[in-house]
Amino acid sequence: MSTNGFPYTHYDLNDQRSGSVIEITLTAVANVRLMTHANFDLFKNARKHKFLGGVAKKSPIRLSIPESGHWHVVVDMEGHPTKAESSIKLFPPPKPAPRPRFNQAS
């Protein structure tokens, strides 16, 4: 895909729960953007948008979903001379720790 004159790779994460973690593996330095569905629409139309992430100089990187909803990841090469291949893995939010049970004194 391409927008603003630079190519990008798009991953539609669909609905994700808060606390889910996305691990992005890259073969070169790239921009990684985690954004809501509304912000992805703005991005596609070359409009001002908000995202989590930025320039990824190490791989893999991990980003957490801050709130439940429809999310997207974009990997783009804007400002970088090489093309990066990418892949992602999704990890569900951690299960809450069990609450300790207290015995009653007799």
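Laboratory data are not the source of any read-out in this text; all were calculated from the coordinates shown. Remember, it's a predicted structure, so these values are computed and weren't measured experimentally. Quick reminder, even Gly has a Cβ in these numbers, built from the backbone with ideal geometry, and neighbours come from all protein chains shown.
Brief remarks on what is shown
- Take every pair of alpha-carbon atoms less than 8 Å apart whose residues are at least six positions apart; their mean separation over the length of region 2-91 yields a relative contact order of 49 percent.
- Take the Cα of residue 80, step 7 Å toward its Cβ, do the same at residue 37, and the gap between the two points is 2.8 nm.
- When region 27-81 is reduced to its Cα atoms, the Kirkwood hydrodynamic radius in Å: 11.9
- Evaluated with a Cβ-only charge set (Lys, Arg +1; Asp, Glu -1), region 31-106 carries a dipole of roughly 260 debye about its Cα centre, given to the nearest 20.
- Pairwise alpha-carbon distances in the chain exceed 23 Å for 33% of all pairs.
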